[in-house]
Amino acid sequence: MPDVTAVGELLIDFTPAGFGADGAMLFSRQPGGAPANVLAMIAKLGAKAAFIGKVGEDSFGHFLKETLTGAGIDASGVVFDKEIHTTLAFVHLDSKGDRSFSFCRNPGADLMLAKDDVNQELVDGCGMLHFGSLSFTSEPCRSTVLELVSNARHAGKVISFDPNYRKLLWKSEEEAKAQIENALPLADILKVSEEEMTLLTKETDVLTGAAELSKKGPSIVLVTMGAEGAAYSCLNGSGTVKPFPVKTIDTTGAGDAFMGAMLHQLKGKTKEELANITESELRNAIEFANKAGALATTKHGGIPAMPTLEEINALGQ
Ligand code: ADP
């Protein structure tokens with residue numbers, strides 16, 4: 001049975017890949033979706049991970065399911081939509097190297113996840129359930145995931161939430177904020193970026209913001225700060241944990257590597273143990289996760305960039 005089951009989006013990222021001989025722009029087909037990246041990190045560290053989500057009955061959908069299996073993730077919870085295509089995202093780079101996205105998700109198969117599609121065994125048997133807010137941008141996925149997470153919480157599962165706010169996928173910032181706030185009380189462990197923390201609390205100071213978020217339910221709040229490391233708030237205290245300097249080439253997947261490593265460190269603990277975690281234990285876990293996040297920036301892509309346990313342990317020695 002899985003240590004961690006994640007539910008959410010599984011999609012193709014088409015990333016820029018130079019130009020063909022005829023001058024046409026080329027794109028590289030990459031597996032994407034934050035919950036799957038988080039699971040890939042967990043599986044790479046040797047724990048059992050399972051995914052629940054929907055793709056299209058097309059070549060992209062089959063490629064994604066095979067990719068999960070290849071990454072050591074239980075993909076038996078992947079279902080195929082016969083009518084709606086696999087969700088696609090195209091990444092564009094402007095002349096300065098800044099990224100922008102165009103999404104083909106209006107709808108995309110990930111949003112079609114219905115209650116009947118859920119492989120409940122993967123929820124009932126898991127130690128932790130992880131989810132994000134991309135599931136809440138529209139129906140039927142929104143109700144499906146809210147019900148799934150609420151039921152798992154009532155059944156005593158440890159719940160982990162990484163909103164992973166993507167402005168383009170929401171009708172408005174207000175709607176995103178309302179949907180994320182609605183899910184906050186369900187989570188034991190919450191991970192946000194600084195931008196998400198400010199969206200939710202209006203705070204720019206990480207310790208004040210993390211403390212604000214703690215009041216909304218989660219017993220462990222983590223704020224990732226890119227090259228600045230991470231901050232936390234828990235019952236026994238709050239603080240920041242320093243980053244590990246590395247030669248960064250691509251930050252894709254850093255937050256997911258961080259979250260996967262964090263869940264790997266916290267798996268097996270009860271809700272009560274998480275609520276009463278000592279600061280030193282939490283700081284050690286965050287240090288491990290900071291290393292995983294840093295290492296993920298030294299390689300391209302999401303799933304392929306997840307570091308091994310040996311690489312994580314060797315960093316900073
Ligand atoms: P996200 O915004 O997706 O949550 P971040 O970019 O903040 O993710 O990265 C997650 C973690 O990875 C950070 O908290 C940090 O520990 C590590 N990290 C990210 N970028 C760097 C970097 N350039 N140098 C060192 N560590 C990094």
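Out of the residues in region 77-94 that are farther than 22 Å from residue 167 by Cα and more than 23 Å from the chain's Cα centre (by Cα), which is surrounded by the most Cβ atoms within 10 Å (Cβ to Cβ)?
The qualifying residue surrounded by the most Cβ atoms within 10 Å (Cβ to Cβ) is 84.
Across region 181-199, what is the total count of residues that are in a helix (DSSP H, G or I), away from the ligand (no atom under 14 Å from the Cβ) and hydrophobic (A, V, I, L, M, F, W, C)?
3
Within region 1-110, which strands (runs of 3 or more DSSP E) (wholly inside it) include 3 or more residues that are closer than 26 Å to residue 151 by Cβ?
Ranges flagged: 4-7, 49-56, 74-81.
Keeping to region 115-124, report how many residues are assigned to a loop (DSSP other than H, G, I, E, B) and either within 13 Å of residue 151 (Cα to Cα) or in contact with a Cys (Cβ under 8 Å, 6 or more places away or on another chain) (or both).
Number satisfying all stated conditions: 1.
Does any residue of region 254-270 turn out to be over 27 Å from residue 303 (Cβ atoms) and touching a residue at least 24 places away in the same chain (Cβ under 8 Å)?
Of all residues in region 254-270, those over 27 Å from residue 303 (Cβ atoms) come to 270.
Remaining after also requiring touching a residue at least 24 places away in the same chain (Cβ under 8 Å): 270.
Yes, some residue in region 254-270 is over 27 Å from residue 303 (Cβ atoms) and touching a residue at least 24 places away in the same chain (Cβ under 8 Å).
Does any residue of region 290-307 turn out to be near the ligand (Cβ under 10 Å from one of its atoms), touching a strand residue (DSSP E or B) at 6+ places or on another chain (Cβ under 9 Å) and more than 21 Å from residue 68 (Cα to Cα)? Full working, then the answer.
So the first thing to find is which residues in region 290-307 are near the ligand (Cβ under 10 Å from one of its atoms), and the list is 290-298.
Filter once more, so that each one left must be touching a strand residue (DSSP E or B) at 6+ places or on another chain (Cβ under 9 Å): 290, 293.
So of that shortlist, the ones also more than 21 Å from residue 68 (Cα to Cα) come out as 290.
Checking region 290-307: at least one residue is near the ligand (Cβ under 10 Å from one of its atoms), touching a strand residue (DSSP E or B) at 6+ places or on another chain (Cβ under 9 Å) and more than 21 Å from residue 68 (Cα to Cα).
Among the residues in region 260-270, are any assigned to a helix (DSSP H, G or I) and open to solvent by 30 Å² or more (accessible area, probe 1.4 Å)? Give the steps one after another, and end with the answer.
First, pick out the residues of region 260-270 that are assigned to a helix (DSSP H, G or I): 260-266.
Keeping just the survivors that are open to solvent by 30 Å² or more (accessible area, probe 1.4 Å) gives 264-265.
Yes, the conditions are met somewhere in region 260-270.
Return the residues of region 21-41 that are open to solvent by less than 20 Å² (accessible area, probe 1.4 Å) and farther than 12 Å from residue 303 by Cβ; say none if nothing qualifies.
none
Taking region 298-314 as the search range and keeping residues that are crowded, with 18+ Cβ neighbours inside 10 Å and at pLDDT 95 or above, which one is nearest to residue 244 (Cα to Cα)?
Among residues in region 298-314 that are crowded, with 18+ Cβ neighbours inside 10 Å and at pLDDT 95 or above, the one nearest to residue 244 (Cα to Cα) is 312.
The values are calculated or read from the model by the stated rules, or taken from the named source; none is laboratory data. What you are looking at is a predicted structure, and each value in this text was computed from that prediction instead of being measured. Counting neighbours? That spans all protein chains shown, and the Cβs are built from the backbone with ideal geometry, glycine included. Note: areas computed on protein heavy atoms with side chains; ligands, DNA, RNA excluded. Shrake-Rupley method; radii C 1.70, N 1.55, O 1.52, S 1.80 Å.
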